[in-house]
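Engineer: Provided herewith is a single structure, encoded as structure tokens, for subsequent inquiry.
Values in this text are rule-based calculations from the coordinates and carry no lab data. It should be emphasised that the depicted structure is a prediction, and the values quoted were computed from it without experimental measurement. Cβ sites come from the backbone with ideal geometry, for glycine too, and all protein chains shown count toward neighbours.
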Amino acid sequence: MPNFIPLISLDRQQRSLSRQLKRAVGQVLDSGSFILGAQGRAFEKEFAKLLGLPRVLGVDSGTSALELALKACGVGPGDEVIVPTFTFIATATAVSALGATPVFADIDWDTMTLSAEDARKRMTRRTKAIIPVHLFGQPADVDGLRRLKAGWLIEDCAQSHLAKYKGRPVGALGDASCFSFYPTKNLGAAGDAGAVAAADAGLLSALEELRNCGRKLGQAYRHARVGSNCRLDEIQAAVLRVKLKRLRRWTERRRALAAFYDEGLSGLPVTRPPLGLRGTQPVFHLYVLRTPRRDALLAHLKSLGIASGVYYPLCLHQQPAYSGLKSRRPFPNAERASREALALPLYPELRLSEAARVVAAVRAFFAA
Ligand SMILES: Cc1ncc(COP(=O)(O)O)c(C=O)c1O
């Protein structure tokens, strides 16, 4: 049996950077500065430069970034926030955590991101914000969603570092934007980490106070707001700085592998993810195809030593956690995606010979 091909491989990345990462972490330990120090400030600057934003703030997770962004925009009890029903649950739980109500909307079939047309039907007088998710690294239809005038537009960029929409990086398009550096993300820390950004100076200073126990900037024990502790620590910042230098190269490699899959799978009865629809440059956090024979394909790949993954088996309106919400059906595209979506192995360290094995295995499945 040939070698097993994992769906995501963090150990390959770790092996390639082991020396640099150990040195960076060692320097933090020796410095004795662990919270809101030089590493965090440098990372914030470097990441902001990459996005073309005046400032980005490091936080302790993507979930915190979403909660902080909603809080800074004044979202609270009685408000509704429109979110796609096909995403990771944190997009919605951040809304719930503030006492507001997530209103689920369907996705666009091509990009699997929030449908502006469906979101429009779900707007009410209480709609305070909308959260497009650039899912699997595919930019959402930000212009279409902006035209709805559904209140604050908060981008969930947890899976889309460096993706572009009409020439501009995602994260620089909304009123606020939220990133996750969960270890498996395109830019991943060695633990939990995230970032939140905004272009408006007032929103930025609210975010900066809120992430640090509501402290008035520059004052240790004067608290301007009821905030929480969502700070990025120095060890994570140092790890992220090492990896940030590789992010452009890794992103190009992801795109090249996606193009390889696209060509290899052409002509098969599967829906392939778009390589660049309507002026977008996706970054393929995951390469997710769709087929009604998804479960059989997954089993076939497994029998050949190839891992694949179901993202996501349930829409959010189908989750037990949201059974009390009585979401207004239908969600045809999202429900179909949850039945048909299958992610193939794709990460910068995936060898071309392995990608070729994946293509051959998928082709053999449909030839049988
Ligand atoms: C779309 C999306 N939003 C939000 C999050 C939450 O990020 P984190 O796990 O860093 O809290 C994730 C990551 O898991 C995600 O994929």
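Engineer: Once each part is reduced to its C-alpha centroid, what is the distance from the stretch 121-189 to the stretch 43-60 in angstrom?
Structural biologist: 16 Å
Engineer: Any of Lys45/Lys185; Lys128/Lys166; Lys49/Lys245; Lys164/Lys185; Lys128/Lys326; Lys149/Lys326 with alpha carbons more than 23 Å apart? Name them for me.
Structural biologist: The answer is Lys128/Lys166; Lys149/Lys326.
Engineer: Over the residues of the stretch 159-284, compute the C-alpha Rg and express it relative to 2.2 N^0.38 Å.
Structural biologist: Ratio of Cα Rg to 2.2 N^0.38 Å: 1.34.
Engineer: Next up: Bin all alpha-carbon pair distances of the stretch 1-156 at 10 Å intervals from 0 and give each bin's fraction as a whole percent.
Structural biologist: In order of increasing distance, the bins hold 10, 29, 29, 20, 11, 1 percent.
Engineer: Same structure again: Compute for the chain: radius of gyration divided by Kirkwood radius, i.e. Rg/Rh, restricted to C-alpha atoms, rounded to two decimals.
Structural biologist: Result for the chain is an Rg/Rh of 0.97.
Engineer: While we're looking at this one, here's another question. What does the helix-only formula give at 222 nm for the chain: each DSSP H stretch with n ≥ 4 adding -39500 (n - 2.57), the total divided by the residues, and the result rounded to the nearest 500 deg cm²/dmol?
Structural biologist: Estimated from H runs of four or more residues: -12000 deg cm²/dmol.
Engineer: Which value, in debye to the nearest 20, describes the size of the charge dipole of the chain about its Cα centre when Lys and Arg Cβ atoms bear +1, Asp and Glu Cβ atoms bear -1, and nothing else is charged?
Structural biologist: 420 debye
Engineer: How many Å³ per residue does the convex hull of the Cα positions in the stretch 103-221 occupy?
Structural biologist: It comes to 135 Å³ per residue, whole-number rounded.
Engineer: Over the alpha-carbon set of the stretch 247-367, divide Rg by the Kirkwood Rh and report the Rg/Rh ratio to two decimals.
Structural biologist: That ratio equals 1.01.
Engineer: Using a 10 Å cut-off on Cβ atoms, rank the peptides 79-88, 308-317, 261-270, 121-130 from the highest mean neighbour count down.
Structural biologist: Highest to lowest by the protection proxy: 79-88, 308-317, 121-130, 261-270.
Engineer: Let me ask something additional. Taking only complete DSSP H runs, can you tell me which helices of the chain stretch 24 Å or more along their own long axis by Cα positions and average at least -1.0 on the Kyte-Doolittle scale?
Structural biologist: 10-31
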